[in-house]
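A.B. asks: First, the structure itself, so that you have it in front of you.
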Amino acid sequence: MSDVTDAVAHLAGHGTAVPAMVLASVAALMVTAGLRSRWSRRHGHAPPADDTGARPPTDERPAGPGRTEREGGGSALWRMRTTVRDEPGSLAELCAALAERRIDILSLQTHPLAEGTVDEFLLRAPGELSGTELAGVVTAAGGARTWTERADAHDLVDAPTRVLGLATRTALDAAELPLALRQLLGRCTIRSLPATARAEAAEAVPPEGALEDTVLRLRAPEGGVISVERPHLPFTPAEFARARALVELDARLGPRIPRGRDVLTLAEGSDITVRRADTRDVPAAKAMHERCSARTLGLRYHGPVGDADRYLGHLLSPRFGRTLAAQTASGRIVGLGHLLWDGDETEVALLVEDAWQRRGIGGELLGRLVAMAAETGCESVYAVTQASNTGMVAAMRGLGLPLDYQIEEGTLVVTARLDPSARAAAHLPQGDPVGRE
């Protein structure tokens, strides 16, 4: 419990007020972790469902950090899950079979079920061994319903440490909850139900949540429902408890965003402050809409200008991404930049008030948004716009990243690649894009 106390003290040191009752949520995460061991591109102006679908199956990715070299040949890291009979000697038989094939067990977690036990391994196996062959070894040794996936160096962190890190990130920033759940549960799809369905859906989910094989549902902190789906692998009661504890932590802390800000001096000498924004900024964002021309709003929202205001609650919600605001010394918002989670892709979008365009504000916002995306592990970001929106196209080109241009149903989609080699040569802010106070 001392580790949990230290972590919460760490949060307070970053300027985040952490109530004492948060200790219970973080402690629950630690206990369960330690068990035995486009905005749719085709619906440009419509608010999307929250879908933070995770990475593709690891078997489809090229060997990277998970593949290492050691004396005698190459090796690869694997995550594996299998169901073992709840009988003395069952696990020992499985471990002996792995050792016979020169497969090292780096970590092991167990998930007790009513019948049998789900064992989760992190393995280092000879490089020539395929996932199918690995599953065959396990099946022959008594394992059932075996699942394998390539791992990487990030999986070498032990589960309690990883979960405590996710709790820390969530406590500092409400926008981290979808990302933290995805990292906690692996390849999955996370959705929040639309506002119109929240009341009915919440009544169908008990306060403690619901676990249904490959789907778990939890009451969202803001009153909706968070649905997590993982068709390729059923959730265990331990995973359900971890996810519930993380959501409970988020709910107890309430609305919060990092308070850091950057002060920028524009070319003509004006000072602009860039900071994180959330739903508390909706009134100021609506006021900015009123000062924008119909053309500017049309280029941003790709639909009827009169509908622009009703998307702000969604855009500014940390459940769907992150927002940066550019404001004057008087506090008036003159620009908004959005980083929106869209399945396993990420959208960036900009709106700058007419009187403040062509002063570099859009480029400053975009650079920080893309740096945030890279920090969370996104492989690319895309912007949906029109060919006539020369400001947005110029801002994307100004990133210094490899770009791909596509026309989809009359709309221009510009995609920037964020692989490490591309980022090294890009014009992106270094370190925390918007430093914390």
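A.B. asks: At a probe radius of 1.4 Å, what is the per-residue accessible area of V263, in Å² to the nearest 10?
C.D. replies: 100
A.B. asks: Fully extended, how many nm does the chain gain between A114 and V305 (0.36 nm per residue separation, minus their Cα-Cα distance)?
C.D. replies: Separation in residues times 0.36 nm, less the Cα-Cα distance, equals 63.2 nm.
A.B. asks: Can you tell me how much longer the chain between E379 and T161 gets when fully stretched, taken as 0.36 nm per residue apart minus their C-alpha distance, in nm with one decimal?
C.D. replies: 76.0 nm
A.B. asks: Sorted by average packing, counted as other Cβ atoms within 10 angstrom per residue and highest first, what order do 323-336, 106-119, 166-179 take?
C.D. replies: On the way: 323-336: 18.9, 106-119: 15.6, 166-179: 22.9.
Ranking the peptides 323-336, 106-119, 166-179 by packing returns 166-179, 323-336, 106-119.
A.B. asks: Counting only protein heavy atoms, what percent of the accessible surface of the range 314-411 is carbon or sulfur at a 1.4 Å probe?
C.D. replies: Numbers: 1590 of 3510 Å².
Roughly 45 percent of what the probe reaches on the range 314-411 is carbon or sulfur.
A.B. asks: Then there is this: When ligands, DNA and RNA are left out and all protein chains stay put, how many square angstrom of accessible area per residue does the range 316-437 have with a 1.4 Å probe?
C.D. replies: Per residue, the range 316-437 has an accessible area of 40 Å².
A.B. asks: Something else: Skip the ligands, DNA and RNA, and give the accessible area per residue of the range 170-300 with a 1.4 Å probe, whole Å².
C.D. replies: On the way: 5430 Å² over 131 residues.
Result: 41 Å² of accessible area for each residue.
A.B. asks: May I ask you to order 183-193, 308-318, 144-154 by the average number of other C-beta atoms within 10 Å around their residues, highest value first? Mind showing how you got there, number by number?
C.D. replies: Values: 183-193: 20.2, 308-318: 18.5, 144-154: 16.5.
Going from most to least packed, we get 183-193, 308-318, 144-154.
A.B. asks: Normalised by the residues of the range 324-437, what does the relative contact order come to in percent, with Cα pairs under 8 Å and at least six apart? Write out the running numbers ahead of the final one.
C.D. replies: On the way: 189 pairs, mean separation 25.6, N = 114.
Contact order relative to length: 22 percent.
A.B. asks: Just report the Cα centroid separation between the range 332-376 and the range 247-283, whole Å.
C.D. replies: First find each Cα centre; the distance between them is then 13 Å.
The values are calculated or read from the model by the stated rules, or taken from the named source; none is laboratory data. Every value quoted in this text rests on a predicted model; they were computed, and no experiment measured them. Note that we place each Cβ from the backbone using ideal geometry, even for glycine, and neighbour counts take in every protein chain shown. Just the protein is used for accessible areas: all its heavy atoms, side chains included, with ligands, DNA and RNA removed. Shrake-Rupley method; radii C 1.70, N 1.55, O 1.52, S 1.80 Å.
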